[in-house]
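Q: There's a structure below that I have some questions on.
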Amino acid sequence: MAIDNQEERIPISISLDSTLASENLHPIVGQNKNRILFISSLAVLISVFISFIAKFLINLIHLITNIFFYGEFSFVNLGPAGNNLGLFVIIIPVIGGLVVGLLVLYGSKGIRGHGIPEAMEQILTNKSRISPVLTYLKPIASAIAIGTGGPFGAEGPIISTGGALGSTMGQVMKITSNERKILLAAGAAAGMSAIFGSPIAAIFLAIELLLFEFSPRSIIPVALACITGAAGHHLLFDVEPFFKMEYVAIPSHGALALYSLMGVVIGILSVGVSKSIYWIEDMFEKLPIHLMWWPAIGGIAVGVIGYFAPKTLGVGYGNITDLLTGSLSLQVIFGLCILKFLSWAIALGSGTAGGTLAPLMIIGGATGSLLGSLLMYLFPGLDISLPLAALLGMGAMFSGASRAVLTSIIFFVETTGEANALLPLLAACLGSYLISFIFMKNTIMTEKIERRGVRVPDSYESDSLGKVRVQEVIKTNSFVLSEDSIIAEAREWLHEHEEYKSNYFVISNEKGEYRGILSSSSLFGGHHLDEAPIGTLVRRKNISISKDDNLRTAVKRMAIENIDVLPVIDRKDGTEHIIGVVGYQDIIKTYKEEMEENIQQDPNISLRRKSLKILLRGKNLMTKK
């Protein structure tokens, strides 16, 4: 009536076809290659559209800037810093803030902020669903805010727009929420790649801030989208590195040590910068007026600061180039550092639309230049380079504020084309990242959504269940019911042997061939003929797993089929033989053991007492000698 399989396990050869067949029982289980190709083609299509949207956004910013500051209908990049408006320049950011406020009131609140936190929130809480209206409202609102003097970068809005476009296509198509997340990340990363021509950094941005995973199903579509976005950048913008700077020589060991120390200092500043943004935002929250007026109030601060320091107005990519070429005086650099920060912090805290990367680069670059000048004065014999110090300041500031450390390092190598800056960037960015990790709970990207109760993943640990194969936890002496057993006899026997009761039973024939899974409710419930064999109750077949599959696959299959036990099958000669059973308790036990190994701090080396005496005696002899 019951089969208690206690045979010894023997090596079994599982064919490739049978393994793949078991992996593809459900699109979520395993890596469906055709599905990956389909999502990749959608990601490439999205990146083509986002490349042209990026070009449109940049031209729209130039057009609005030229109309408001120069009275010209032109797409030439003049920048607001060269205006001759005098005191009237204060009014222009206020007008832009009023327009953005109206778009918030009558359009969508989603246009507020710098884009990445909003995309992260939709991924974590709304199954990557972003309102399609943001696809066109976000770039328009951002272009108005930046074109009227807002101290923001164009990268944030285009990242947000790309994410909205990817999410919209994911909502139109019949795909899973995880695939929609991949399209959202692909669109966002492609937008960054299209603006800066930095595909590798864009891939890391997606991994560190949007995907929260690293797997073929996500990396392949995102990478193809970023490559396409970089091609769009070369076609629509320029093939040269985005930022021009002087040749970077390999620094000496002494200079490298000082650059590392500089990264630590800027890391401390990045903590203050991040916290101040949300302190200012909290102050706006306390204002007794509707939030549609907040961008206009922030515009007043932008205009007043812009009157005294015109270089703080607008995107400021030119300021970054000036810092990297060392063409600015220390007085201008100091003013840019303080005043750009105040202008950007107040404007962003007011809830207008714009990006954070360019302002952080300018603030960090100016800080790096000032620290580099100080180091040159204190250590005149070392080969300290002001342009390199500015570059390291930019990377360290972004790394500390966002904790996207790999993105920070690769981005500044790609956008400058200076490979010799890689090691100094690694030292400075890692130092800043370390300080941020120790002293700041959240980042400039996650503080807002963490306040709303959304938990943001901060680490990407290895999948312990994916490393363990089923054969390592299989029970070869598992309890299996024979299909020929009579229902009444089976019920009576199980009542007498409570230890064998389970929610599900594996069914086999006398030869040990797999016949299906029977639920306990089916066996003990319902109106069945007591004299009928158990085999007549089996409805759930083809639910099994191979000994070469991993426990992650087993967990997924249990979740999909809503069962807590899986037969382990050997497929040979067209038949399926049961070689054991794996249950959820076995998997939990394995996971618990893995956790205990990670927290156990016992020493791994032990010395026998005799060996220890010999070592001590040898030590005494050496001392006497």
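The values are calculated or read from the model by the stated rules, or taken from the named source; none is laboratory data. Computed from a predicted structure; not experimentally measured. Cβ placement follows ideal geometry from the backbone for every residue including glycine, while neighbour counts extend to all protein chains displayed. Remember, those area values only see protein heavy atoms, side chains included, never the ligands or the DNA or RNA. Shrake-Rupley method; radii C 1.70, N 1.55, O 1.52, S 1.80 Å.
Q: Using only protein heavy atoms and a 1.4 Å probe, report how much of Arg129 is accessible, in Å² to the nearest 10.
A: Around 100 Å² of this residue is reachable by solvent.
Q: With Cβ to Cβ distances under 13 Å as the rule, what net charge do the other residues near Ala390 carry (K, R +1; D, E -1)? Working shown, then result.
A: Numbers: positive: Lys244; negative: Glu246, Asp322, Glu418.
Summing Lys/Arg as +1 and Asp/Glu as -1 gives -2.
Q: Let me ask another. Go ahead and run the numbers for FRET between Tyr377 and Lys275, Cβ-Cβ distance against an R0 of 22 Å, rounding to 0.05.
A: Working: r = 30 Å, r/R0 = 1.37.
Result of the calculation: an efficiency of 0.15.
Q: Which of these values of P(r) over Cα pairs in 10 Å bins from 0, in percent was calculated from the structure shown: [x] 3, 14, 23, 25, 19, 10, 4, 1, 0, 0; [y] 3, 14, 20, 19, 14, 11, 10, 6, 2, 0; [z] 3, 14, 22, 23, 15, 9, 6, 4, 2, 1, 0?
A: It is the value labelled [y].
Q: To the nearest Å, what is the center-to-center distance of region 481-527 and region 117-159, using C-alpha atoms only?
A: 58
Q: Within a Cβ distance under 14 Å of Ile410, other residues only, what is the Lys/Arg minus Asp/Glu net charge?
A: On the way: positive: none; negative: Glu208, Glu414, Glu418.
Taking every other residue near Ile410 into account, the sum is -3.
Q: Still on this model: With θ set to phi - 60°, apply the Karplus curve 6.51 cos²θ - 1.76 cosθ + 1.60 along region 569-574 and write out the HN-Hα couplings as whole Hz, x wherever there is a Gly or Pro.
A: 10, 10, 8, 8, 6, x
Q: Still on this model: To the nearest 20 debye, what charge dipole does the chain have about its Cα centre, counting +1 at the Cβ of each Lys and Arg and -1 at the Cβ of each Asp and Glu?
A: Values: 50 positive and 52 negative charges, 320 e Å.
Magnitude of the dipole: close to 1540 debye.
Q: Can I ask one more? Skip the ligands, DNA and RNA, and give the accessible area per residue of region 283-365 with a 1.4 Å probe, whole Å². It would help to have the intermediate numbers written out before the result.
A: On the way: 2910 Å² over 83 residues.
Computed with neighbouring chains in place, this is 35 Å² per residue.
Q: Then there's this: At a 1.4 Å probe radius, carbon and sulfur cover how many percent of the accessible area of the chain?
A: 61
Q: Would you please give the residues with an amide H less than 5 Å from that of Thr575, counting only those at least 5 places away or on a separate chain, with H modeled from the backbone geometry?
A: Close amide H contacts, sequence-distant or interchain: none at all.
Q: Short version: ³J(HN,Hα) in whole Hz for each residue of region 295-312, in order, from phi by Karplus 6.51 cos²θ - 1.76 cosθ + 1.60 (θ = phi - 60°), x for Gly and Pro, what are they?
A: Taking θ as phi minus 60°, the curve returns x, 5, 5, x, x, 4, 4, 4, x, 5, 5, x, 5, 7, 9, x, 5, 7 Hz for region 295-312.
Q: Which angle from 0 to 90°, rounded to the nearest 10, does the C-alpha axis of helix 155-172 make with the longest principal axis of the chain?
A: The answer is roughly 40 degrees.
Q: Also: At what distance in nm do the modelled label points of Ala419 and Lys467 sit from each other, each positioned 7 Å from its Cα along Cα→Cβ?
A: Label at Ala419, label at Lys467, 3.4 nm between them.
Q: Okay, moving on. Amide H to amide H under 5 Å from Gly153: which residues, 5+ apart in sequence or cross-chain, H placed 1.01 Å off N in plane?
A: For Gly153, the qualifying residues are Gly355, Thr356, Leu357, Ala358.
Q: Also, I was wondering about something else. Would you kindly find the accessible area of Val555, with a 1.4 Å probe and non-protein molecules such as ligands, DNA and RNA excluded, rounding to the nearest 10 Å²?
A: My reading of the accessible area for Val555 is about 60 Å².
Q: Moving on. Counting heavy atoms of the protein chains only and a 1.4 Å probe, report the per residue accessible area for region 72-224 as a whole number of Å². Mind dumping the intermediate values first?
A: Working: 5190 Å² over 153 residues.
Per-residue accessible area for region 72-224 comes out at 34 Å².
Q: Then there is this: Starting from the Cα of Phe52, step 7 Å along the direction of its Cβ; do the same at Lys33; then give the gap between the two resulting points in nm.
A: Between Phe52 and Lys33, the label points sit 3.3 nm apart.
Q: Roughly how tilted is helix 177-196, in degrees to the nearest 10 and between 0 and 90, from the longest Cα axis of the chain?
A: Its long axis makes an angle of about 30 degrees.
Q: Okay, moving on. For Ser177 paired with Asn59, estimate the spin-label separation in nm (one decimal), with each label point 7 Å from Cα along the Cα-to-Cβ line.
A: 3.9
Q: Let me ask another. Solvent-accessible area per residue for region 377-428 at a 1.4 Å probe radius, Å²?
A: On the way: 1620 Å² over 52 residues.
Solvent-accessible surface per residue comes out at 31 Å².
Q: Near Ile111, within a Cβ-to-Cβ distance under 13 Å, what is the net charge of the other residues, with Lys and Arg +1 and Asp and Glu -1? Provide the component values of the computation, followed by the final result.
A: Values: positive: Lys109, Arg112, Lys138; negative: Glu118.
Here the count lands on +2.
Q: Something else now. Check which residues have an amide H placed less than 5 Å from Gly580's amide H, if you skip close sequence neighbours.
A: Val568
Q: Please list Tyr106, Tyr433, Tyr584 in order of solvent-accessible area, largest first, computed with a 1.4 Å probe with all protein chains present.
A: Details: Tyr106 180, Tyr433 65, Tyr584 100 Å².
Sorted by accessible area, descending: Tyr106, Tyr584, Tyr433.
Q: Treating the angle as unsigned and between 0 and 90°, give the value, to the nearest 10°, between the Cα long axis of helix 357-378 and the longest Cα principal axis of the chain.
A: 70
Q: If R₀ is 25 angstrom, what is the calculated FRET efficiency for the pair Gln331 and Ile91, using the beta carbon separation as r and rounding to 0.05?
A: Values: r = 28 Å, r/R0 = 1.10.
With R0 = 25 Å, the Cβ-Cβ based efficiency is 0.35.
Q: Turning to a different aspect of this structure: Can you show me the helix-derived [θ] at 222 nm for the chain, built from DSSP H runs with n ≥ 4 at -39,500 (n - 2.57) apiece and divided by the number of residues, rounded to the nearest 500.
A: Values: 24 runs with 365 residues, N = 625.
Helix-only estimate at 222 nm: -19000 deg cm²/dmol.
Q: Among 230-241, 305-316, how do they line up by average Cβ neighbours within 10 Å per residue, starting with the highest?
A: In decreasing order of mean packing, 230-241, 305-316 become 305-316, 230-241.
Q: Ordered by residue, what ³J(HN,Hα) values in Hz, to whole numbers, does region 98-104 give under the Karplus form 6.51 cos²θ - 1.76 cosθ + 1.60, where θ = phi - 60° and Gly and Pro are x?
A: Whole-Hz 3J(HN,Hα) from phi for region 98-104: 5, 5, 4, x, 5, 5, 5.
Q: Of Lys33/Lys592; Lys174/Lys592; Lys127/Lys589; Lys33/Lys174, which sit over 29 Å apart, Cα to Cα? Show your work: numbers first, answer last.
A: On the way: Lys33/Lys592 32 Å; Lys174/Lys592 37 Å; Lys127/Lys589 31 Å; Lys33/Lys174 17 Å.
Among Lys33/Lys592; Lys174/Lys592; Lys127/Lys589; Lys33/Lys174, the Cα-Cα distance tops 29 Å for Lys33/Lys592; Lys174/Lys592; Lys127/Lys589.
Q: Compute the FRET efficiency between Glu513 and Asp282 as 1/(1 + (r/R0)^6), taking r as their Cβ-Cβ distance and R0 = 60 Å, and round to the nearest 0.05. Mind showing how you got there, number by number?
A: Values: r = 68 Å, r/R0 = 1.13.
Step by step, r from the Cβ atoms, then E = 0.35.
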